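Written below as structure tokens is the structure these notes are about.
The values are calculated or read from the model by the stated rules, or taken from the named source; none is laboratory data. Source: prediction; values computed, not measured. As a convention, Cβ positions derive from the backbone with ideal geometry for all residues, glycine included, and neighbour counts pool all protein chains shown.
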Amino acid sequence: MAIQQSQALPPQYVEDLQKDYGQQLTATTAAPLDTSQFAPKVAGQDQAQLDAYTMATTPKQGIGAFQDYITQAGAYDTAEAGALGTAAGLSGTGAYKPFMSPYQQDVIDATMKEYDQQAAAGLTGIGQQAAMSGNLGGGREGVMRAQYKNKSDMNRALLQSGLLQQGFTQANQLANQAFGQQMGLGQAQQGLSQN
């Protein structure tokens, strides 16, 4: 059996158009393209712009005549920035540390030593009570000692935390006061620089 094949071809004018387009495209893209024309360019300065630049950069002339005032204002800004920078160091999580008393730990140690001596005396009193009641070395004495020691330890921790809190609060208040003083100084300097 013979194979029969059928083809649907476009009209002749379409084939002619495709052939003509292909030839024109090949001719257009065959010429080298000068890409240097696409590079960005900056226009040169005219004489007025050159003169303005010269005046601005020449001391004691044009904008350069204001240099002394600008320098003086910069000095105020530097002083103000120094005061504000100092104030910034007086805020945040560690701002209180420079204001902590160097003697605080000595006070805490002495207070805790005295507390421990008083607590030891209280334990001696429990032993004397147990001996007088005939329970010396017994279970009741052990329970009384454990309860006393537990309460004493809790009171000791409370006392120590209170002393630490008191030192922190005082140092924090001093840091806050110094911060306010530095901010006031910075604002005063800023006011001077605006006059």
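How many residues does region 1-33 contain that are loosely packed, with under 10 Cβ neighbours inside 10 Å, among the small types (Gly, Ala, Ser) and part of a helix (DSSP H, G or I)?
Qualifying residue count for the region: 2.
Counting just the residues of region 158-168 that are without any contact (Cβ under 8 Å) to a residue 12 or more places away in the chain and either within 15 Å of residue 107 (Cα to Cα) or surrounded by 14 or more Cβ atoms within 10 Å (Cβ to Cβ) (or both), which one comes out nearest to the chain's Cα centre (by Cα)?
165
Given the criteria surrounded by 11 or more Cβ atoms within 10 Å (Cβ to Cβ) and either part of a helix (DSSP H, G or I) or modelled with pLDDT of 90 or more (or both), does residue 171 qualify?
yes
Could we say that residue 165 is closer than 30 Å to residue 95 by Cα, part of a helix (DSSP H, G or I), in contact with a Phe, Trp or Tyr (Cβ under 7 Å, 6 or more places away or on another chain) and not basic (Lys, Arg) here?
So residue 165 does not fit the description; no.
How many residues does region 92-111 hold that are surrounded by 14 or more Cβ atoms within 10 Å (Cβ to Cβ) and either in a helix (DSSP H, G or I) or at pLDDT below 80 (or both)?
Of the residues in region 92-111, 6 are surrounded by 14 or more Cβ atoms within 10 Å (Cβ to Cβ) and either in a helix (DSSP H, G or I) or at pLDDT below 80 (or both).
Any residue in region 116-127 that is touching a Lys or Arg at 6+ places or on another chain (Cβ under 9 Å), free of Cβ contacts under 8 Å to residues at least 24 places away in the same chain and assigned to a helix (DSSP H, G or I)?
yes
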